[in-house]
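A short write-up of the structure that comes next.
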Amino acid sequence: MQSDDGEYLIAPNPGDARLTRAVTGVDHTGQPVEARVVEERPLTIYLNGQEIVTAMTIGDYPEYLALGFLRNQGMLGTEETVTRVDYDEELEVVVVRTASQTTYEEKVKKKTRTSGCAVGTVFGDMMEGLQGLTLPAAEVRTSWLYALSKKINTTPSLYLESGAIHGTVLCRQDRPLVYMEDVGRHNAVDKIAGWMLSERVSGADKILYTTGRLTSEMVIKCALMGIPVLASRSGFTAWGVEIARETGLTCIGRLRGRRFLCLSGEERLTRDADPDSIDDEDRKHRRKSAGA
């Protein structure tokens, strides 16, 4: 799946002029400055002939975002066959077409606002699909966590360029594979889900890393993607931890430098690295959630 040199299959492109805009202002001393700020664009997602939602996004990988959103909302079941995904850049619309009509009407009627900083929407019962779910009994080595944290947080990204954005990374062992960013962590996760669906990639041996909080929504999305390990440099919500324990998901937060906290699924952890041998996080690569 990955080249021998360990490079990402998909990595952030902070130099993409479409994703940021130069804005002038003044700094704390009153001196004029120019800053790069992240763009937000509306993207309307259709499933066949039905408009489903309009999401605010940075605008990259719209097809993956649409596929992942629909899959994570339960509107694209495993039995559905996607025949086409059409994106119209001028209209800012993605249409996902399936071989047969889907049962999305009831989903559209029932919406739940989520706690994402760019406020997401979950359709239908948030717990739907978790009943009877069994996640793989995968291993996660602490040496992998340390290597991933260092690699991901030193990768050139829109966050390091402009801030005001979240990142989510699909990983296998100590190698990050696909790194997506967006204004909302739910969008970044949905892009990962869309890529997995498009490329027919299993989540059984993967780790999902996110810069955002480990909320109920993040835990549910990760479990439904079949990924047994969720890690973040940020903290947890109580409901997120509760659902992680109910589904058997390994939930690791506050992963910064040599430190982390596991509140669910500790049985998957193999402690093969001495924390004292791990360097603390370089201050210049600390994100806003890292604290002082």
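The values are calculated or read from the model by the stated rules, or taken from the named source; none is laboratory data. Just so it is clear, the structure is predicted and the values come from calculations on it, not from any experiment. So basically every Cβ, Gly included, is an ideal-geometry build from the backbone, and we count neighbours across all protein chains shown. Quick note on the areas: whole protein, heavy atoms, side chains included, nothing else; ligands and nucleic acids left out. Shrake-Rupley method; radii C 1.70, N 1.55, O 1.52, S 1.80 Å.
Overview of values
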{"item": "Any pair with Cβ under 6 angstrom, 6 or more apart, that starts in region 131-143 at a residue that is under 30 Å from P275 (Cα atoms) and ends at one that is open to solvent by 40 Å² or more (accessible area, probe 1.4 Å) and among the polar types (S, T, N, Q)", "result": "E139/T270; R141/T270"}
{"item": "Residue match in region 61-70 (condition: over 21 Å from the mean Cα position of the chain (by Cα), touching a residue at least 24 places away in the same chain (Cβ under 8 Å) and either under 15 Å from S198 (Cβ atoms) or not in a loop (DSSP other than H, G, I, E, B) (or both))", "result": "no"}
{"item": "The listed residue being within 14 Å of G68 (Cα to Cα) and touching a Gly at 6+ places or on another chain (Cβ under 9 Å), out of G248, G235, G194, G253", "result": "G194"}
{"item": "Of residues in region 162-190 being touching an Asp or Glu at 6+ places or on another chain (Cβ under 7 Å) and not in a loop (DSSP other than H, G, I, E, B), the one most open to solvent (accessible area, probe 1.4 Å)", "result": "R172"}
{"item": "Meets criteria (touching a residue at least 60 places away in the same chain (Cβ under 8 Å), more than 22 Å from I152 (Cα to Cα) and either exposed (fewer than 15 other Cβ atoms within 10 Å of the Cβ) or of a type in the set (D, E) (or both)) for E34", "result": "no"}
{"item": "Strands (runs of 3 or more DSSP E) completely within region 192-269 that count 2 or more residues being touching a residue at least 60 places away in the same chain (Cβ under 8 Å)", "result": "207-210, 229-232, 250-256"}
{"item": "Selected residue (criterion: modelled with the highest pLDDT) from residues of region 71-119 that are assigned to a strand (DSSP E or B), among the hydroxyl-bearing types (S, T, Y) and open to solvent by less than 70 Å² (accessible area, probe 1.4 Å)", "result": "T98"}
{"item": "V23 being open to solvent by 20 Å² or more (accessible area, probe 1.4 Å), farther than 30 Å from Y104 by Cα and either free of Cβ contacts under 8 Å to residues at least 40 places away in the same chain or in a loop (DSSP other than H, G, I, E, B) (or both)", "result": "yes"}
{"item": "Residue among L9, L43 that alone is touching a Ser or Thr at 6+ places or on another chain (Cβ under 7 Å) and touching a residue at least 40 places away in the same chain (Cβ under 8 Å)", "result": "L43"}
{"item": "Filtered residue count, region 138-161, keeping only those that are touching a Ser or Thr at 6+ places or on another chain (Cβ under 8 Å), open to solvent by 30 Å² or more (accessible area, probe 1.4 Å) and either under 17 Å from M225 (Cα atoms) or not basic (K, R) (or both)", "result": "3"}
{"item": "Some residue of region 212-234 being open to solvent by 10 Å² or more (accessible area, probe 1.4 Å) and within 21 Å of K150 (Cα to Cα)", "result": "yes"}
